[in-house]
Structures are given as C-alpha cells and as structure tokens.
2 protein chains.
Amino acid sequence: MKHTITFKPDNVSVTVSKGSNLLDAALEAGVHINASCGGQGVCGKCRVVIEEGEVDSEKTENISEKKYDQGWRQACRTSVLSDCTVRIPDESRGLRRLVTQKLDIAKGERKISALDTKLLAEGWRLDPIAIKAPTRLAPPTLQDNVSDLSRFLAGLRQQHQIENVSADIRCLKTMPEILRTSDWHVTATLMAAPAANNLLSPDDKTSPLNLVRIQGGDTSDENFAIGLDIGTTTICAELIDLKNGRVMAERAEYNRQVKYGDDVITRIVYAQQPEGRKKLQSLVVSSINQVIDELLEETGSSEKSVSCIAAAGNTTMTHLLLGLETRYIREAPYVPVASSVPVVWARDIGIDLLPDCVQIHNFPSVASYVGGDIVSGILGSGVFQKKELTLYMDIGTNGEIVLGNRDWLACAACSMGPAFEGGGIKHGMRADQGAIEGFNINPVTLEPMIVTVGRKGPRGICGSGLISILSELLSACVIDRRGKFIRDLASERIRPGRFGHEYVLAWAENSATGHDIVITEVDIENLMRAKGALFAGFLTLLESLDLSFDDLDRVIIAGAFGRYINLEKGKLIGLFPDIPVEKFHFIGNGSLLGARLVCLCKAMLPEAERIARMMTNIELSDNASFMDKYMGALFLPHTEARLFPNVSEYLEANSQMVSRERKVS
Amino acid sequence: MKHTITFKPDNVSVTVSKGSNLLDAALEAGVHINASCGGQGVCGKCRVVIEEGEVDSEKTENISEKKYDQGWRQACRTSVLSDCTVRIPDESRGLRRLVTQKLDIAKGERKISALDTKLLAEGWRLDPIAIKAPTRLAPPTLQDNVSDLSRFLAGLRQQHQIENVSADIRCLKTMPEILRTSDWHVTATLMAAPAANNLLSPDDKTSPLNLVRIQGGDTSDENFAIGLDIGTTTICAELIDLKNGRVMAERAEYNRQVKYGDDVITRIVYAQQPEGRKKLQSLVVSSINQVIDELLEETGSSEKSVSCIAAAGNTTMTHLLLGLETRYIREAPYVPVASSVPVVWARDIGIDLLPDCVQIHNFPSVASYVGGDIVSGILGSGVFQKKELTLYMDIGTNGEIVLGNRDWLACAACSMGPAFEGGGIKHGMRADQGAIEGFNINPVTLEPMIVTVGRKGPRGICGSGLISILSELLSACVIDRRGKFIRDLASERIRPGRFGHEYVLAWAENSATGHDIVITEVDIENLMRAKGALFAGFLTLLESLDLSFDDLDRVIIAGAFGRYINLEKGKLIGLFPDIPVEKFHFIGNGSLLGARLVCLCKAMLPEAERIARMMTNIELSDNASFMDKYMGALFLPHTEARLFPNVSEYLEANSQMVSRERKVS
C-alpha cells in the first residue's frame, strides 16, 4: 500500500510504501532535514511536525511531552501509516531543492533492489548446470556382477534417460561404500562436462555430463549452486536453489588480497615476489571460504547441498584464483595466459569448505582488463540479445564498460581504482551497517542530513554515499568545480586536515567509531580520478565507433554500490552521461546475475563463450586520445560544459540560488 | 646364416644360426649333455668332441692340452661357425630322446623372441595416442594481444590443422614462461582426450585432443610412450618410440606389493587394513617408478621425452594403482568399482619420475578377475579380428583365458597363483641372469643338464625352467604321475628335505648363491595346482560353449615365461592341451603388445573398449563343474588319459624305455 507524504513548507511530495521511514522518504524526495547521527535516533536534529495523517513513532527524550502532544516527532524514528503532511521546522530545513526542466534530483533516486531478483536475459529456462538424479539400483548378484560404475550408469540411463556420462576418479573412490551403506539407493550429482576449448556444451540430450558425486539416499531436494563475483576489492556471493532459481542468501566480504594492494596492478607486482602468487591465491580462496561459510550458516545449509560454483572475476582475479601467471597482464602488450579457463575442482584450489566433488566454472574473459565479470554481466543483463544500443558499465575497482547490442559488442577497461568501493577514501567502507548511504546539506548552515545503512551510528561512507556527498557539496557550493573546498565558508564542519581541507559528516559523539567521520580533499581527488577515467572511457569507446551519447538507447549500471544510487547526482559529478534518467537501468551486481544465470540454465554456458568471442576490446592504456579525455574529465562535472548541458544549466541556476540565500541569512 | 649340427652317437640334428652356443643347440635338439653349472663353464661336465666342422671355443682348464688337440671342447664355451658333427662321450650323455608319431619333444621348443617384435593385430597404422606439434608463434603486440592460449591454439590450427583442443590447467601454469623463454618456438604434446564413459575417442580429424604439455623449442623427435603390464607378481615395461613404433628397451621388476601377498586375494585382504590400500598403491607406484627409471637410463632418454603411458593390469592391480576400493572384488558376487576407468595424470598417483604432464590410459577390464591385461592381450594378438576359433591364455598369477573369434569372446579367470612366475617355489625366480631356463636329465645317472639365462652360475628357476624340470622328471620316471619322487632311485641328488623330497639341480659349489639349488615336492604340488586350475578353466569354458579341444584353430600363449618354452613339455605335464604344436603361438607378454598398440594407433582405444564389452565372463569360483575338473587335473598330465592321448602314449613308451635302460646299467 502506497501513501503520499507532503513536506511543508516547500510542498514537495513523494509516494512511499506504508510503514516507510520518514527520514528515508525525505531523502527520496530530495528534501533536506538536518540529521547528524545517520538515523540512529540520538542526535535529535531531525525533528518534524506531523500536521496531518497517521504515523507510528517512538517517544524519545529529544522531544518534550508538550511538543510530542503538538505533533513533533523525530523523522528517523517515525514510520508513515497513511497519507501525511509533514512540516519541517526552520531549524531543521535546508533549501528547497532546485528543479530545472531537465534535471530533478528527486527523480534520480533508484533502489537497486527493485530489479535484482529479475534476470534480464531472455530465452532461458530452468535447466541447471548441475542436476541431481536419485537412483535405485538392484544389488549385484552372481548372475549380474557388473562393476559398480556400470550398474550406476545403467540406472541413470533407465531411470533418468541420461546417457553420455563420464565418471571422475574422485567419484569412483567413494562410490562402493556409498552404494552399499545406502542400500543401493543413492543420488548422483551430474555436471555439464566441458568440451574442447574449455567450452561447456550446449543443452541437448546427448551433451556429455560428468558424474561428480554420489550421495546416499535421495538428496535431490538439496541442489544448490554458489554464484561468485570475485572482485579486486570485494567478493560477492549468493546461494542459489537450483530447483527453483531462488536466491537463498547473499553475502559480501572484502577480498583479503587487499592488504597487498588496492588494484590489480599492485597485486600483479606482489605476485611476482617469491611465493607471492601462491599467497594471493590462498588469500582470495580464504575470502571465498569465509563467504561460503557465511552463506551456509545463514541458511542453515550443509556444505553437501552445494553442487557447483560459477565464478565471474576480472582477468587478474581469475588468474590468481587458479594460480596462473599474471605478470604479462601488466606488461605491454597485456597478454593473459588464457581467456577461457578449464573447469577446476573447488578443493584443488583450496576451497576446502566444500567436499571435493564440487567443480568451479570460471567465466571466460575478453582481454587482460576485460574479464569474466563483464562477460557475466553482459550475459545476465541480456545486452547481447537486445536490438537497443546499450552502454553497460561495471563500476568496480577496474571500471569496465561495454557498448553494443545483439549484433556487436565493444568493450574497454579504464582503471578506476577502488574509490567508489571505499578504497583510498579516508572513511570509505562497503555498504555495511553504519555506512553513510544518503547525504544532503543545508548550503547556508552547512548542517548535513546523513542516513546510514541500518540506521546505525555512522562508521564510514559507502559508494552511493560518496556520490551523494560529492554531488551535494558541489550543488551547495561547498566545493568548487575542481573539487576543492571553498575557503571562506564559516562552519566548524569545514577544517584543514592532514589530507587537505575536510568536511565533518558526523562528529565523534554521534559516530560509531568514536572519531569524527570526514570527507577530505584527497578523497575527492580520488573520486574525481575514478569518475574521470570511467567517463573518458565512455567517450573513447563511443568516438572509436563514431557514436555519441545521444545514440544510446539504454545505460545499464552494475557494480558494488549501496542499495540506493541517485542518477542525477551521478550526472552532477560527471560520473554518468547527461542523458535522460529514463534511459538508465540498475542491475546491482551484474557479474552475480550472469553467474546465477549459467547455474540455472546450462545452455547459457556456450552463450558466455560466444559473448567473450564477440567482444572487440579497445585498449585504452596506451591510447593518447583516452589520456586527453581523462585530463578533461578531472573536473566537476567536466571541462567541456557542452557534454553536460542540463547539468551545467542546473549547477549555474543552483549556484545563484545558493548565493542569494547566503546573502539573505 | 644357418648351420646344421649333428649330435653323435644318436644322430640327432638341429639347425641353428651361425655363432650359436653348442649347449643351447643340444638343448634345442632335445639332446642331453651333462651340465651342472648352468653353462658358466666351471663344472667341466659338458665335454664333447668336435668331429667335423669349425667352431670357436675357449681353451679351459677342464680340458687337457692333449684332449684339446683331439677336438675335445666344453659345449657351453663353444660356438658353431659351420655345419658340425659333435660326439657326446658316454660320460656326458643321456638317453636318446624318444620320438613317437605324434610327439617329438625337440619340435616343441619355441623362442618367444621369434614373434615379439611383430604385432599380430591388423588394420592399424602409426597414428599415436600422443602427438607432438612443433609450433612457431608470432609474439604478441598491442594490435594482437590475445591470450597465450588463444595464440597457441591458433598456431596449432594454422600450422597443423589441429582443431578441438582443450588445455589442462597444469599446462596453463607453465605456458607463459615457456613461450617467452623459448622465443615463441615451442612444441605441444597433445593426447587423445577421453570422451564420455571414459571412452577415448576414435581417430578422426574432429576428435578432441588434450593439450597436456608445452616444451621449449622443437622436441618433436622425442616422443616416447611407456607401455606397462602391471602384473600381480611382475611389472613389465617397454619404452616405445612413437615416431616409428620401435621398442627401445624392455624391463621387468617384481611388483613390490609381493611382500603383502602372493596373489590378488591376499593383496585385497591387506588393502582392507588401515592404510593398507594406500600402502599397496605406493608400492606398485614405486615399482613402476623404478622400471621407468631403468628404461630411461638404459636408453639415455630424458623423462621429458615420455609423452604418455598405456597400462594394462588385472582388475585388482588397476584398482590398487588408482587407489580404488578392492574389497568387493573379493567378496561374492565379485564386483569391481569400475571396468572402464578414467585417464589419470601420472603424478596424481605418485609416478613422480615423470613431469606432471603425462597421462595414463588404463585398459578397461571385463570383470573382477578378467582384467585390462587380458583385454590388452586380445587387442594386441588380434583374436577379436580373426575368423579362427582361438584359445588365448595369459599365464600370470591370475591365469586368464579367452575363447572366441571376431564374432564372440568368452573369458574366465582361474586363480593359478604365482608358481609359474617363481612365486611359492623354493628357488623360483624371474627369467633374470642365472635363472635355470633349460633342463634335461639322464634317467639312469640322474645327472642334469641345466642351462641358465646369461650362462651365469645358477641362482634359481624361472617359468620355462619349471616346465622343463617337471616334464623331464616325469619323462625320466624320477617323479610319478602324482608328482612324488620315486623313492628307490639311488642318487645323492634326491634326498628328503623340509618340503618333502627334493632333487638337487645344482650343487652349492656350482651355484651363484653358495647353496644347493633344488626342486621340492611342495614346489611340484604348487605347480600342479597352478596348471590344474588353468586346465580346468579350459575345460569349463569349452564345455559351457559346447566345444572341445578339437574345435580349436589356434592356441595363443602369453605370459611371463622365460625366453624359451617347450610346448611338448607343457603338454606332458598337462599345462597345455594335447593338440598339434602347429596350432600353438607364443606372443610373449600379450598385455604389453596391446599397450604398445594403443600407444601407436589411437583408433585402437575404442577397440579396447569394444573388446571389454564383447567378452562374456564365465565365473569359475562358484562353479561346481570347475571344481570337479580342477580335482581331476591335479595329476600329470591328468586323471583322464583320453584328454591326453598322445602324451599318454609317449609317457608309456618312454617309461618302458627308461626301465630297460635302468636294468641294463
């Protein structure tokens, strides 16, 4: 059930679900309410008056008995039960949000969760990469004493019409005991067998299957897969029920390799040290073990229920996972060992949480810096199937972009660094509890509105928070187009620090860390470099194909953001192109989407190979045009205003409004 | 060049090659010359007089100057250079050999070496299981920076028209360094890839290949395979040049598992102990490592020249090699884990002499006691291709027999035990230097003629020696039909011992061990049990198919004998059926023959699978008819004289002759 909330005095309305938090509703409406503690209810700054409508609210010590009776509430502790009219008192207000003809910040807000249970690729059906076949066999007799394996294969043929099965030696080692202790009633796990060139075979009755495991009894109702996105900074994973395609749990953990470098280049350098490659392999594997452990624990599942893993990672991550040499990825002319890699056993690479009968399918990559993660994303998002010209971007440490449709695909990688994942940012963090994900600022008082994941005490800033902060500081004329703090603003929240000037998002007393949470000029520089590299990538890719932003039918954004991202704010800082928000789509973690898809439909395996082959890689690292474009993009939003017409118009008008208000006050 | 040697006074002639040893010639002619030291030249008993012809002979201290001038020579130190007439003095003579119409001992002698370089299967061509493809690649550039693997596969396609190649992860681990240190000039080792059901694919252009190894430079002139026969008692191996099919060296070593039991049953019992299976695996692997080491050392070859291994073993040996459970092979209803087993990496099972890029193809088996060794033998001998009805026997520890032709094949296993390989025989040994391989006896003086492998001091008795000894002791009426020494013979060579009566083959002073070399009644019992089991197997198999010995077109004998075997002597003791010697063929080690064949022609791989499927196994172990026949066969040659008409006639006549001679003397 939906309700409309109208915020006074600016008469800005927003429609939200029943039970929504009022602070969230304000954030979504683009309405500022001072809020210093992230929404945990302790700062008492987000006081509003409920003029009409029904709400459910806690009585807190920040509001006197009398005021409570008059309808005063703390927005962060209030949820709406009907249409409401809410007045924000002057002390808590910001400026009325500017809306231009082409740019309305409130419309730029998107919840990633709106899309992430729906796969975007078409034409697939539930026909999983690993199947379980419960089989009852007649015990051997002197008249019928064929080998255990022959008996078993005959059972699969007769009871499941499954032919063309190879047994792995590991499976043979456990087979006799399992057959006999289970009274010849067992369940086979069969996995699509890789054919030549490491291609997995398409879906037809005669395609070969590997018998990878036998379990006693009928275990066919426990047939799970793990989808893995092995990022440079973050490992994301989901547990997928192969019976119905349901995602049972999702987890993310930092890639423990991070301690040996923020990006793939520093990892490769470390891998060249003695034992370095081995160490990095064991670190990524221990991260994977942890995340799998958490998935199993969260769902109360046994490790025996996991039948296979599909993993998507960039080329370096895939190489390090498999223990392959990475140095030639880094050295010109940037050559990986292999684009398509063989299926391996989980235990062979150290994933010891799972029994040794689980195979890992790694997505094929395109080039040294366009990896299996992007191939997986293109698969999952269905870009390769659509007529529409799509720009696909995966905003991780590596910043990979793809341009194309069902007829052609071009791709490029622009080394963004981990800034939007919180790396190299003083108080950067993943979108975990306490991460600032929403931000707004009163341009006159410079008081912030901060909202954290889980409404916990602020601990740091996640990706969507960083976009918000940068864009709001720019809109409110707190930083200039070069990303520097404007020096003559009088606020104790702006102060010089070790990393240039900084803005205090949350004071120590309200933070969960006991320290002030800040954003520094160095943080802002890192974010600008990251977005600059990505945007220069867009331009180079489009130009090399004689296209412009206007030719794009769709923009798909994948990557490790928080749950919210505001497109208009992304445009404001020059991260996204200045085209209508309607053309943008979020798919959350695109790599996981593709990994899930191959798990659910094995006919998608050769499609992944086809995508990898179909993509033309545009090498940016030695491209002079790219370097020019990168330098031009180190500005907010960009040195060339013509590239951001609507944003420029908005920022100009907004800047005048802020100046007026500051003079008035 | 051939020469005819005529032995006086009996006027027995034999044709031998120029340079042949005179003692060997006498043995082949069935002429007895006393010889107590195995032919090493020290006992001085084998003195003969060269009456005509030219010989090359050492002057030894056993012959005086005067006698030497008269033409006296030691036979064992003399080789023939022309046609000769040789007189054996009375002191050295035996009886003239009896020849009946249907049985002539001298004609029963066969050298195995006469056949063993010629493969008997037809319709194959040199198209080896592993090929080497030297390839020159263009180094990568920024314009052409595909992965190392893609570049390599493109090179294989362009330079060798090889498609459909999968790379193994191990190969990818070494690929980048090898490509770069070898200046992009490398050699691929490609092996026929197993398809489903562990079948290796047939020979066509599109059949899949595994890229298993890359070596720097052009190493294509070193492409060797190792053929392995993994016997219960003996591991035989040969190094095969895949370029031309030549066998470069052969070796045999005891299977080190022997210390945990003589036959497969005792091994299986041991495997059930804690760590037992693991221990047996490591023992067979260490035996294989040793034999491979010897092959490489003998030929001065590097371990890098070995591209693959083809191994044939009985079902238990194959299971133990791969670390599979064996207990259900032993327990009724006798079920192996698998008949067709997957291709494995040599290093994965501990064959650490070879780099980790060598794969082992194990021959498929038929049943628990009809293994890959027999399938390999049927393949190698071409039985499955011929119209003629063939009885094939592999006389190893396991005693496997096959009956059939190109239309059908039936098989059975009769547990012979290792007696004919020297196991359970007091002075039994392999056909190594010093093994008594030829034997003859003077029925009156009971003085022996013994000839050893390499004419070294006697150290023991090998398989062909045991057959000779048993048959000669029987012919000379030294043992009776029950295998017991006749008690009233006056000779110090016959004496009571710990294992029943025994006959001294060589006195300590002439032996290489410093002890008397003997054959005991217990040894004879063991040999009779072994031959009894085999012969009962023949009868059961024939009877179950409503056939008799007369229906056989051919008999093929494979197995671990010495270099010589005398068919008539084998018939005399009831080891071989009493049919014309012309029907018999020796192929030496049949398992190695088949292993060599699949190495040389990969189209033979699916043929091996077809043979395994084609064979009907007749289970003997619980077969009452077999047990009856076994009891009947515990006699020399057999309780039923009608089964051995020619042998019975011969033995009768011979016995009368011996009686006469003994009375005369």
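The values are calculated or read from the model by the stated rules, or taken from the named source; none is laboratory data. Everything numeric here is computed off the predicted structure, so don't read it as measured data. We place every Cβ from the backbone using ideal geometry, glycine too, and count neighbours over all the protein chains shown.
Things worth noting here:
- Filtering region A:468-490 to residues that are more than 13 Å from A:E525 (Cα to Cα) and of a type in the set (D, E, K, R) leaves A:E472, A:R487, A:D488.
- Selection from region A:361-370 of residues that are within 11 Å of chain B (Cβ to nearest Cβ) and of a type in the set (A, V, I, L, M, F, W, C): A:V366, A:A367
- The single condition from (1) out of contact with any Leu (no Cβ under 8 Å at 6 or more places or on another chain); (2) assigned to a helix (DSSP H, G or I) that A:K571 fails is (1).
Per-residue answers, yes or no, for (1) touching a residue at least 60 places away in the same chain (Cβ under 8 Å); (2) surrounded by fewer than 20 Cβ atoms within 10 Å (Cβ to Cβ); (3) within 20 Å of the chain's Cα centre (by Cα):
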| residue | (1), (2), (3) |
| --- | --- |
| A:R256 | no, yes, yes |
| A:V284 | no, no, yes |
| A:L295 | yes, no, yes |
| A:S302 | yes, yes, no |
| A:S307 | yes, no, no |
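- The one condition in (1) buried (at least 19 other Cβ atoms within 10 Å of the Cβ); (2) of a type outside the set (V, I, T); (3) part of a helix (DSSP H, G or I); (4) more than 9 Å from every other protein chain (Cβ to nearest Cβ) that B:L190 fails to fulfil: (3)
- Qualifying residue in region A:628-641 (condition: surrounded by fewer than 22 Cβ atoms within 10 Å (Cβ to Cβ) and aromatic (F, W, Y)): yes
- Hey, A:T326 touching a Lys or Arg at 6+ places or on another chain (Cβ under 8 Å), buried (at least 24 other Cβ atoms within 10 Å of the Cβ) and of a type outside the set (A, V, I, L, M) or not: yes
- Within region A:129-156, residues that are within 11 Å of chain B (Cβ to nearest Cβ) and free of Cβ contacts under 8 Å to residues at least 60 places away in the same chain have Cβ atoms under 6 Å from residues that are of a type outside the set (D, E) and in a helix (DSSP H, G or I) in these pairs: A:D148/A:M175; A:D148/A:P176; A:D148/A:L179, counting only partners at least 6 apart in sequence or on another chain.
- Residues that are surrounded by 24 or more Cβ atoms within 10 Å (Cβ to Cβ) and either polar (S, T, N, Q) or within 11 Å of another protein chain (Cβ to nearest Cβ) (or both), drawn from region A:336-354: A:P336, A:V337, A:A338, A:S339, A:S340, A:V341
- Residue check, B:A367 without any contact (Cβ under 8 Å) to a residue 60 or more places away in the chain and crowded, with 22+ Cβ neighbours inside 10 Å: no
- Residues of region B:514-550 that are touching an Asp or Glu at 6+ places or on another chain (Cβ under 9 Å) and of a type in the set (G, A, S): B:A536, B:G537.
- Evaluated against (1) under 21 Å from the mean Cα position of the chain (by Cα); (2) on the phi < 0 side of the Ramachandran plot; (3) not acidic (D, E), B:L242 falls short on exactly one condition, (1).
- Selected residue (only one of A:S57, A:S64, A:S17, A:S36 is over 37 Å from the mean Cα position of the chain (by Cα) and either closer than 23 Å to A:R459 by Cβ or among the small types (G, A, S) (or both)): A:S64
- Qualifying residue in region A:448-458 (condition: part of a strand (DSSP E or B) and within 30 Å of B:D168 (Cβ to Cβ)): no
- Residue tally, condition within 14 Å of chain B (Cβ to nearest Cβ) and either hydroxyl-bearing (S, T, Y) or in a helix (DSSP H, G or I) (or both), over region A:289-330: 12
The rows are residues; the columns are (1) on the phi > 0 side of the Ramachandran plot; (2) of a type outside the set (A, V, I, L, M); (3) in contact with a Cys (Cβ under 6 Å, 6 or more places away or on another chain).
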{"position": "B:L592", "(1), (2), (3)": "no, no, yes"}
{"position": "B:C599", "(1), (2), (3)": "no, yes, no"}
{"position": "B:K602", "(1), (2), (3)": "no, yes, no"}
{"position": "B:M631", "(1), (2), (3)": "no, no, no"}
{"position": "B:F635", "(1), (2), (3)": "no, yes, no"}
{"position": "B:E640", "(1), (2), (3)": "no, yes, no"}
{"position": "B:E652", "(1), (2), (3)": "no, yes, no"}
{"position": "B:M657", "(1), (2), (3)": "no, no, no"}
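- Candidates B:G465, B:G497, B:G532 - the one that is modelled with pLDDT of 95 or more and of a type outside the set (S, T, Y): B:G532
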